[in-house]
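These notes are about the structure you will find just below.
The values are calculated or read from the model by the stated rules, or taken from the named source; none is laboratory data. It should be emphasised that the depicted structure is a prediction, and the values quoted were computed from it without experimental measurement. Note: ideal-geometry Cβ built from the backbone for every residue, glycine included; neighbour counts use all protein chains shown.
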Number of protein chains: 2
Amino acid sequence: MTAFELRPIGRVESTLTDLGDAPRQPDEGAPDAWLVLDPELAPALDGLTRGDEVLLFTWLDRADRETLAVHPRGDTTRPLTGVFATRAPDRPNPIGLHAVEILAIEGHRVHVAHLEALDGTPILDVKPALGPTSAR
Amino acid sequence: MTAFELRPIGRVESTLTDLGDAPRQPDEGAPDAWLVLDPELAPALDGLTRGDEVLLFTWLDRADRETLAVHPRGDTTRPLTGVFATRAPDRPNPIGLHAVEILAIEGHRVHVAHLEALDGTPILDVKPALGPTSAR
């Protein structure tokens, strides 16, 4: 099948620099961080504001794309499980999905709460969390 | 910044073939559909079963990647809004995100309920919906 080209729209700026320090999920102690977008894309943020919950899509560029099964959460006492049944970064297309709250927007820079992505992680997309139909 | 290569892992098989017929969100009347994965990737489905809620990532290959603002839901009476504040398919990296329930798994084919993606849509990833920490 045809391959598609992802073009990063920005990078994460975070105090998290070491995979060993990264919490596995944001509610396990992740720091606040900045999403630094390409300045030309600032107009695409219009309509977002402090307090909004958004879904952040990243590219987990250190992942192994050939892995099809893992021990969940790296715990070898748990049975090997298909990667599509886990959130492991190793998978054919290592897209990271993070639900974050916006703390502030300054031009093309977005401050967010509790992001478990490492410093320098490429950003792919931002979408609003999906609320009820009436609010769309 | 460096671009990344997405390799589709399969295609959607659906009775939805026309953009004009596609509901904007799955709870607005989308049909059941099949996710037909590359047969070599079937082991990556191990651990998923009927009744599971998963997040399906697709590539919206008909999207316009240069669009930065849209009228939400195509309603021109609503003000232009940045694409990152909307779920519009037109965006720099047109990744589709769909929450679906698994109805059945037959080898590399996964039957899912209420999917608004068109027939032939490339599939990028499948992840479990994130439950409470205790269940991970």
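Listed by first and then second residue, the pairs linking a residue in region A:84-99 that is more than 7 Å from chain B (Cβ to nearest Cβ) and closer than 16 Å to residue A:6 by Cβ to a residue that is part of a loop (DSSP other than H, G, I, E, B) and of a type in the set (Lys, Arg), with Cβ atoms under 7 Å apart and 6 or more places separating them unless they lie on different chains, are A:94/A:65.
In region B:67-83, how many residues are closer than 29 Å to residue B:35 by Cβ and more than 9 Å from every other protein chain (Cβ to nearest Cβ)? Steps first, answer last, please.
Looking only at region B:67-83, we keep the residues that are closer than 29 Å to residue B:35 by Cβ, and these are B:67, B:70, B:72-74, B:83.
Going one step further and asking which of them are more than 9 Å from every other protein chain (Cβ to nearest Cβ), we end up with B:70, B:74.
Residues flagged as closer than 29 Å to residue B:35 by Cβ and more than 9 Å from every other protein chain (Cβ to nearest Cβ) within region B:67-83 amount to 2.
Would you mind stating whether residue B:91 is over 14 Å from the mean Cα position of the chain (by Cα), part of a loop (DSSP other than H, G, I, E, B) and surrounded by fewer than 16 Cβ atoms within 10 Å (Cβ to Cβ)?
Working: over 14 Å from the mean Cα position of the chain (by Cα): yes; part of a loop (DSSP other than H, G, I, E, B): yes; surrounded by fewer than 16 Cβ atoms within 10 Å (Cβ to Cβ): no.
It is false that residue B:91 is over 14 Å from the mean Cα position of the chain (by Cα), part of a loop (DSSP other than H, G, I, E, B) and surrounded by fewer than 16 Cβ atoms within 10 Å (Cβ to Cβ).
Going by the structure shown, is residue A:11 within 8 Å of chain B (Cβ to nearest Cβ), crowded, with 19+ Cβ neighbours inside 10 Å and in a loop (DSSP other than H, G, I, E, B)?
On the way: within 8 Å of chain B (Cβ to nearest Cβ): yes; crowded, with 19+ Cβ neighbours inside 10 Å: yes; in a loop (DSSP other than H, G, I, E, B): no.
When the stated conditions are applied, residue A:11 does not pass them.
Screening residue A:47 on (1) farther than 23 Å from residue A:109 by Cα; (2) over 13 Å from the mean Cα position of the chain (by Cα) shows it passes everything except condition (1). The selection criterion, being in contact with a helix residue (DSSP H, G or I) (Cβ under 8 Å, 6 or more places away or on another chain), closer than 21 Å to residue A:87 by Cβ and either at pLDDT below 95 or crowded, with 16+ Cβ neighbours inside 10 Å (or both), holds for residue B:100. Screening residue B:62 on (1) at pLDDT below 95; (2) basic (Lys, Arg); (3) closer than 22 Å to residue A:53 by Cα shows it passes everything except condition (3). Looking only at region A:37-87, residues that are surrounded by 15 or more Cβ atoms within 10 Å (Cβ to Cβ) and assigned to a strand (DSSP E or B) come to 11 in all.
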